[in-house]
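The values are calculated or read from the model by the stated rules, or taken from the named source; none is laboratory data. Here the structure is a predicted model, which means the values were calculated and not measured. Cβ placement follows ideal geometry from the backbone for every residue including glycine, while neighbour counts extend to all protein chains displayed. The accessibility values were calculated without ligands, DNA or RNA, using every heavy atom of the protein model including side chains. Shrake-Rupley method; radii C 1.70, N 1.55, O 1.52, S 1.80 Å.
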2 protein chains.
Amino acid sequence: MYDLLKGLTVVEVSSFVASPSAGLYLAQMGAEVIRVDTIGGGPDFRRWPLADNGSSLYWEALNKSKKSVAIDLARPEGRELVQRLAAAPGDDAGLFVTNFPVDGFLSYENLKKLRDDLICVRVMGWADGSQGMDYTINSALGLPLMTGPVDDPRPVNHVLAAWDLLTGAYCAFGLVSALLARMRTGEGREIRAPLSDIGAATMANLGFTAEAMLTGHQRPRMGNDIFGAFGRDFTTRDGQTLMLLAITPKQWSKALEALGIAGEVGALEAELGVSFTVDEGLRFTHRARLYPLFERAFAARTAAELAPAFDAGGVTWGAYQPLEAALDDPRLFKGNPVFQEVRHPSGLSYPAPGAMASIPQDARGAVRPAPRLGQHTDEILAEVLGMGEAEIARLHDAGVVAGAGGR
Amino acid sequence: MYDLLKGLTVVEVSSFVASPSAGLYLAQMGAEVIRVDTIGGGPDFRRWPLADNGSSLYWEALNKSKKSVAIDLARPEGRELVQRLAAAPGDDAGLFVTNFPVDGFLSYENLKKLRDDLICVRVMGWADGSQGMDYTINSALGLPLMTGPVDDPRPVNHVLAAWDLLTGAYCAFGLVSALLARMRTGEGREIRAPLSDIGAATMANLGFTAEAMLTGHQRPRMGNDIFGAFGRDFTTRDGQTLMLLAITPKQWSKALEALGIAGEVGALEAELGVSFTVDEGLRFTHRARLYPLFERAFAARTAAELAPAFDAGGVTWGAYQPLEAALDDPRLFKGNPVFQEVRHPSGLSYPAPGAMASIPQDARGAVRPAPRLGQHTDEILAEVLGMGEAEIARLHDAGVVAGAGGR
């Protein structure tokens, strides 16, 4: 945990990936993030993967470093409490992240009545407010039809919820940007981040849409080929699969050198009258001629021979490895200072990451686990809303709020 | 364009996707983002897709709303100019985004000598500084082995550079967060964002790593099945492929209702002694029994029959459509106010997006196209570094800087 956002209080009422990850990023940069869930947990509280005791490893992963308040969100009194938390006073508060509907009890209009300069970041599915999730937005953008081997027409969904993740990080950015604006002008804002707009804008920001407009169709499916440059998976003599990539002239010449095929590629260049070094697009255009040269070079060597030669030569490559192997990979997990062994609400202890970026000047504070559901209910009601013990006890008795024991 | 970050000046020396997208997000929220490229363009200046005249549609998509300065980055005098731009004075400047190496001429140590409170956000490949790009990091995380049909063991790369995109948005968040900290404490920082750490942390933030530690292996490949709940692609009577998803109890009951299979599913629940409504994980566990019921229901109806029934019933679903169809889809592109028709440096006019989020209270300013390379060289040297005409002319004559004409 770093303290760039020290002093900020953010209230999060959310579920699934996008808005909880926004809260996670804010919390791990030092904000106090108060996640509010309905008593018993929201729709993501039992989301797989699960520990043997039924605890969600997913929930405890996305809610690290946060505080948890449990309130009955179906009841008017509970809803009013959440509204008051979201609109809590103070220059460093009134910061709210949610994926609840635009027109429900957490509408911007409702919250603005309680605090005129409130900042609300709202994750949405479709921009028109209709139900959409990462996988259904993704299917509408054409990507599953561009993904996977050329010889198989079936659509291939991504396994990583990329739109959720991008939306989450963009929402964290949106919230701190709106805070800077509020510090300058005194004005609050609602920032709506629909997955559909994030998806559509990104397809344009990467040139996919302009390409489709110009050619009349989307980029064709091409397996693992890197579009517009050189890259693909290749198989070594011992049957290992390695990814090799060459976009810059340097990456290209280093790959040829390490594989010992500079001469053959030079002969092909002479035959075709082109320079692959200068123009990476030509490597793509003529990839059907280039691939056999690479395939033969890979097939003549084992992965154990190629790996040190690639590393020594500064080649841009990677082995395909399963996650269980990655866990032992010191470049990713094993001994990575981003990770610390933590005891989680599931009762399990395992390494968990803090902030995804590193700040060489600052000490990485302890990685804080996710809270138990409702663990901070009383503390937050007292500190943020100024409630006394008797009032808090009444809310418990009435079943409007609950602590970590579920009551 | 919105003006949340109005007044900020950010200097970007970068290429490819991650750091340019960070600059793009900052620019479209109102910062003045000055992208510095070497004369003639960096390694991404001719990146595919290309317009017929050879202009990069990719470059002009990722550099919208920025200003462009062209400087010879190979020469000491050019390098010094870039360092001075990065470290420009003012409370709202000294903000720098790059993917250049940690130990090169744009090292934090070098820049800190010019401005003690500089904020530098640096995208990296591997955290140890070695060459890594989205696709080679991704292969090391196990995802390509989890992606694609169960009956095909070949690794499947993602087509969308998800790690680059997540890193870009997280860097924009990091920069604004560091600025908030500098306003509070007066201290600058370097924030390093290696794709490898962003990837590793995200695999943990979503529960993938805890799952692999517990089970000893990564999540098995399962085609388009949604892990831990219910969802997959199904084929209609007329051969259309639709994605259907049900995570919450409401999503589940609405899907059953719209497909008219509540009775059959109820019978299966009775047989198995389970409730699929309450526990989405059971839908996953028993999916081999559930799928045939859904397959038959889809196969009995055309997409044209199902679509309105799904929409009327509030079902979470999506059609797989190619991008050229999405371009006509009013939920994504056609008439979407996020997009405006813009004339780009390629000479082509086509719709391009502004900020990915929307702020109902604020007017969306005009979407500004990417600059021509070097278009703002003189303006920035004069305004930011206070250079006079004669000095700027000398730099042009010496070939240290260039304008939009390439000189």
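Taken as a whole, the range A:205-212 holds at least one residue that is at the interface with another protein chain (Cβ under 8 Å from one of its Cβ atoms) and either under 29 Å from B:Leu179 (Cα atoms) or touching a His at 6+ places or on another chain (Cβ under 7 Å) (or both). So is B:Ile34 touching a residue at least 40 places away in the same chain (Cβ under 8 Å) and in contact with a helix residue (DSSP H, G or I) (Cβ under 6 Å, 6 or more places away or on another chain) or not? Yes; evaluated as a whole, the condition is true for this residue. Mind checking whether some residue in the range B:10-25 is open to solvent by 20 Å² or more (accessible area, probe 1.4 Å), touching a helix residue (DSSP H, G or I) at 6+ places or on another chain (Cβ under 8 Å) and assigned to a loop (DSSP other than H, G, I, E, B)? Scanning the range B:10-25, I find at least one residue that is open to solvent by 20 Å² or more (accessible area, probe 1.4 Å), touching a helix residue (DSSP H, G or I) at 6+ places or on another chain (Cβ under 8 Å) and assigned to a loop (DSSP other than H, G, I, E, B), so the answer is yes. Within the range B:157-179, take every residue that is more than 26 Å from B:Asn224 (Cβ to Cβ) and polar (S, T, N, Q) and give me the one that is nearest to the other protein chains (Cβ to nearest Cβ). Step by step, filter the range B:157-179, then rank; the result is B:Ser177.
Across the range A:356-366, which residue is farthest from the chain's Cα centre (by Cα) among those that are at the interface with chain B (Cβ under 8 Å from one of its Cβ atoms) and in contact (Cβ under 8 Å) with a residue 60 or more places away in the chain? Within the range A:356-366, the match that is farthest from the chain's Cα centre (by Cα) is A:Asp362. Of the residues making up the range A:127-137, just one is over 18 Å from A:Pro20 (Cα atoms), of a type outside the set (S, T, N, Q) and open to solvent by less than 10 Å² (accessible area, probe 1.4 Å), namely A:Ile137. Whether a residue is over 13 Å from B:Thr235 (Cα atoms), at pLDDT 95 or above, assigned to a helix (DSSP H, G or I) and more than 14 Å from chain A (Cβ to nearest Cβ) was assessed, and B:Leu282 does not pass this test. Is there a residue in the range B:212-234 that is within 25 Å of A:Gly347 (Cβ to Cβ), of a type in the set (Lys, Arg) and buried (at least 19 other Cβ atoms within 10 Å of the Cβ)? Yes, the range B:212-234 has at least one match.
All conditions but one from (1) more than 19 Å from A:Gly406 (Cα to Cα); (2) in a loop (DSSP other than H, G, I, E, B); (3) among the acidic types (Asp, Glu) apply to A:Asp44; the one that does not is (1).
Scanning the range B:290-343 for residues that are among the polar types (S, T, N, Q), at the interface with chain A (Cβ under 7 Å from one of its Cβ atoms) and in contact (Cβ under 8 Å) with a residue 24 or more places away in the chain gives a single hit, B:Thr316. Just the residues that are touching a residue at least 12 places away in the same chain (Cβ under 8 Å) and open to solvent by less than 60 Å² (accessible area, probe 1.4 Å), please, taken from the range A:261-282. Scanning the range A:261-282 gives A:Ile261, A:Val265, A:Leu268, A:Leu272, A:Val274, A:Phe276, A:Thr277, A:Glu280, A:Gly281.
Return the residues of the range B:235-260 that are open to solvent by 10 Å² or more (accessible area, probe 1.4 Å) and aromatic (Phe, Trp, Tyr); say none if nothing qualifies. Those that are open to solvent by 10 Å² or more (accessible area, probe 1.4 Å) and aromatic (Phe, Trp, Tyr): none in the range B:235-260. Quick one: how many residues across the range B:241-268 are within 14 Å of another protein chain (Cβ to nearest Cβ) and of a type in the set (A, V, I, L, M, F, W, C)? The number of residues fulfilling the criteria is 9. Considering only the range A:151-158, I want to know if a residue exists there that is open to solvent by 10 Å² or more (accessible area, probe 1.4 Å) and closer than 23 Å to B:Ala18 by Cα. Yes, the range A:151-158 contains at least one residue that is open to solvent by 10 Å² or more (accessible area, probe 1.4 Å) and closer than 23 Å to B:Ala18 by Cα. Scanning the range A:180-202 for residues that are part of a helix (DSSP H, G or I) and either open to solvent by 10 Å² or more (accessible area, probe 1.4 Å) or facing another protein chain (nearest Cβ under 7 Å) (or both) gives A:Leu180, A:Ala181, A:Arg182, A:Met183, A:Arg184, A:Thr185, A:Ser196, A:Asp197, A:Ile198, A:Ala200, A:Ala201, A:Thr202. Please indicate, with yes or no, whether at least one residue in the range B:119-126 is of a type in the set (Phe, Trp, Tyr) and touching a His at 6+ places or on another chain (Cβ under 9 Å). No.
For the range A:242-265, residues that are over 13 Å from B:Gly132 (Cα atoms) and either among the basic types (Lys, Arg) or in contact with a strand residue (DSSP E or B) (Cβ under 7 Å, 6 or more places away or on another chain) (or both) total 5. Residues in the range B:138-156 that are in a helix (DSSP H, G or I) and more than 7 Å from every other protein chain (Cβ to nearest Cβ): B:Asn138 only.
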